[in-house]
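J.: Submitted below is the structure of interest, expressed as structure tokens.
Derivation of every value follows stated rules applied to the coordinates shown; laboratory data play no part. For clarity, every value in this text was computed on a predicted model and none was experimentally measured. When we count neighbours, we look across all protein chains shown, and the Cβ atoms used for this are built from the backbone with ideal geometry, even at glycine.
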Amino acid sequence: MRKIAALLLLLLLSTPVFAQQFQNAGWPTNATPIIINSANAANATLTVSIPNAPGTWNYLTGASCTSNGATASSYVSATITGIIGGTITAILFVPINTSAGNIVPLGSAGLAPIKYPWPASAVNTAITLSVPALGTGNSLTRCTLEGFSVPVSIY
């Protein structure tokens, strides 16, 4: 009985459907993962991009930002450009900076995990996140974009 169970398990794990679902969390098999971290922006506009590359199609799978806040709390409008369908605007909450070491995620429903990859608006197109200056007292803001690129030839 154990031999039959082991054989069935081996058969299941070797099927193409199982292997395809497990590989790259649903990404195409020849996708290149991309994680881009911004430099620090101290009360300045922050821009970070998944760069365009010849013959590839970019996809965005995640965007996040952290900051040490500002002297006064506020809301700012961050934008993501280069996405199919046009510019996306997310309202970010900037908390009060109570300590120089107080690093917190910028609150936003718009920069929550992305359920499905967002494609770029065209081939060879960068996807860019731009966050304006957060205000007096801000000395640290960083953002990260996550995604992947796919050679155009597979489509």
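J.: Suppose the chain between ILE35 and ALA53 were pulled fully straight at 0.36 nm per residue; how much longer would it get relative to their current alpha carbon spacing?
T.: 5.0 nm
J.: Students often check this: by mean Cβ neighbours within 10 Å, which of 73-85, 57-69, 120-132 ranks highest, and how do the rest follow?
T.: By packing density, highest mean first, the sequence is 57-69, 120-132, 73-85.
J.: Between SER73 and ALA126, what FRET efficiency follows from the Cβ-Cβ distance if R0 is 35 Å, with the result rounded to 0.05? Each step should come with its number before you reach the end.
T.: Numbers: r = 32 Å, r/R0 = 0.90.
Plugging the Cβ-Cβ distance into 1/(1 + (r/R0)^6) gives 0.65.
J.: Once both labels are modelled 7 Å past Cα along the beta-carbon direction, what's the THR87-SER64 spacing in nm?
T.: It works out to 2.7 nm between the two label points.
J.: If the chain between VAL152 and LYS115 were fully stretched, how many nm would it gain, using 0.36 nm times the residue separation less the Cα-Cα distance?
T.: Stretched fully, the VAL152-LYS115 segment lengthens by 11.1 nm.
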